[in-house]
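The values are calculated or read from the model by the stated rules, or taken from the named source; none is laboratory data. If you're wondering where the values come from, they're calculated on a predicted model, not measured in any experiment. With ideal geometry, Cβ positions are generated from the backbone for all residues, glycine too; neighbour counts draw on all protein chains shown. The protein model used for the area step is the full one, side chains on, heavy atoms only, and it has no ligands, DNA or RNA in it. Shrake-Rupley method; radii C 1.70, N 1.55, O 1.52, S 1.80 Å.
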Amino acid sequence: MITLYHCDGARSFRPLWMLEEMGLPYELKMLPFPPRVFAKEYLGINPLGTIPFMVDGETKMTESSGICHYLGVRHGPTPLMVGPEDPAYGAFLNWMYFSDATLTFPQTLVLRYTQLEPEERRNPQVAGDYGKWFLGRLRAVEAATATTEALCAGRFTAADIVIGYALRLADTIGLAKDFGPNVAAYWARLQQRDGFKRAVAAEQQAGIEQNVAPRVRA
C-alpha cells in the first residue's frame with residue numbers, strides 16, 4: 001500500500017492527483033502545515049520535515065514531481081506518461097521539471113512573505129517581485145495552451161498534473177486574476193477532470209477524519 005503524507009493545498013497534491021488519475025490504492029496521512037512546527041513527531045519519519053513524503057515498500061520520496069514520475073513508471077503503464085520513443089518526450093520532461101523549479105519556487109516566496117511570516121517580517125516588495133517572476137515564466141504555459149488542450153503529446157499527462165498544481169497554488173494566493181486567457185481556460189479545464197475532483201474530495205475527507213484543519217488561505 002502506498003502511503004502519502006500530505007498537507008492541505010501543499011505540493012503533495014501533485015502525487016495525490018496522480019494516484020487518483022491512475023486509480024491506485026493508497027493511504028493519505030494528513031498533517032497540519034507546516035508539519036515541522038505543528039507535528040514534530042513527523043521529523044522521525046521524514047527528517048526534512050517537508051511535504052510530500054511518499055512510502056511505497058522500501059521506496060521513500062520527497063519530491064512531488066518526481067513522485068508523479070515514479071508512480072507512472074513503477075505502477076504503469078499509463079497514458080499519463082510519455083516514453084522516450086515519443087517525439088514529445090523532451091517536452092514532457094521539461095514540463096515535469098519546470099513545474100517546481102520554475103513555477104512553484106517563486107510562489108513559495110510570495111506565500112511566505114504575505115502569509116507565513118510574522119507580521120513584522122512580511123515583505124510586500126519580495127512578494128510582488130516574485131509574483132511578477134512567476135507570471136513572467138507562466139508565459140510558456142500561455143503559449144503552449146494556445147491551440148491545444150494539454151501541454152504535450154496531444155493528451156492529458158502527468159505534465160498537466162504537475163503544472164496544474166502550480167496553477168492551483170497561484171489561485172490560492174491570489175495570482176490567478178493575472179492569468180492570460182489561455183492559462184485561465186486551461187486551469188478551468190483541469191478543475192473539471194474527475195481525477196482532480198476526487199483528489200480534492202480525498203484531501204477534504206482525510207482532513208475531517210484525521211481532525212486536521214485546512215490551511216488558512218488568503
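Please state, as a whole number in µm²/s, the translational diffusion coefficient that the Stokes-Einstein equation yields for region 82-139 at 20 °C and 1.002 mPa s, with Rh defined as the Kirkwood radius across alpha carbon pairs. Approximately 167 µm²/s, per Stokes-Einstein.
Coupling constants for region 35-41 follow from the phi torsions by the Karplus curve (6.51 cos²θ - 1.76 cosθ + 1.60, θ = phi - 60°), and in residue order they are x, 5, 9, 9, 9, 4, 5 Hz; glycine and proline get x. Applying the Karplus relation 6.51 cos²θ - 1.76 cosθ + 1.60 with θ = phi - 60° to region 155-170 yields 3J(HN,Hα) values of 7, 5, 9, 4, 4, 5, 5, 6, 6, x, 5, 4, 6, 4, 4, 4 Hz, where x marks Gly and Pro.
Per-peptide packing, taken as the mean over residues of other Cβ atoms within 10 Å, places 58-65, 153-160 in the sequence 153-160, 58-65 from highest down.
Averaged over every viewing direction, what's the projected area of the C-alpha convex hull for the chain? Give it in nm², one decimal, please.
Details: hull surface 48.1 nm².
Averaged projected area of the chain's Cα convex hull equals 12.0 nm².
Per the Debye calculation on region 14-132 with a single equal scatterer at every Cα and no solvent contribution, log₁₀ I(q)/I(0) for q = 0.23 Å⁻¹ amounts to -1.30.
With contributions of -39500 (n - 2.57) from each DSSP H run of at least four residues, the per-residue ellipticity at 222 nm computed over the chain stands at -14000 deg cm²/dmol.
Between region 63-101 and region 119-147, the C-alpha centres lie 24 angstrom from each other.
Computed from backbone phi with θ = phi - 60° and the Karplus coefficients 6.51, -1.76 and 1.60, the 3J(HN,Hα) list for region 77-89 is x, 8, x, 6, 9, 10, x, x, 7, 8, x, 8, 4 Hz; x is used for glycine and proline.
Summarising the amide proton neighbourhood of Lys29: residues at separation of 5 or more, or on other chains, whose placed amide H is nearer than 5 Å comprise Leu4, Tyr5, His6. Treating r as the C-beta distance of Ile45 and Arg137 and R0 as 25 Å, the FRET efficiency rounds to 0.15. Distances between every pair of Cα atoms in region 93-190, grouped in 10 Å steps from 0 to the bin holding the largest one, split as 16, 49, 25, 8, 1 percent.
How large a share of the accessible area of region 1-74, in percent, is made up of carbon and sulfur atoms when the probe is 1.4 Å and the other protein chains stay in place? It is 55 percent, rounded to a whole number.
Of the peptides 16-25, 131-140, how do they stack up when ordered by the mean number of other Cβ atoms within 10 Å, highest first?
So the order, starting with the most tightly packed, is 16-25, 131-140.
So if we plug the beta-carbon distance of Ala184 and Asp86 into 1/(1 + (r/R0)^6) with R0 = 22 Å, what FRET efficiency do we get, rounded to 0.05? Efficiency computed from Cβ-Cβ geometry: 0.20. The count of lysine pairs in the chain with alpha-carbon distances below 20 Å, taking only pairs 8 or more places apart or on different chains, stands at 5. Think of a 1.4 Å ball rolled over the protein heavy atoms: region 26-69 then has 52 Å² of accessible area per residue.
With 0.36 nm allotted per residue and the present C-alpha distance subtracted, the Thr59-Arg74 stretch has 4.3 nm of extension available.
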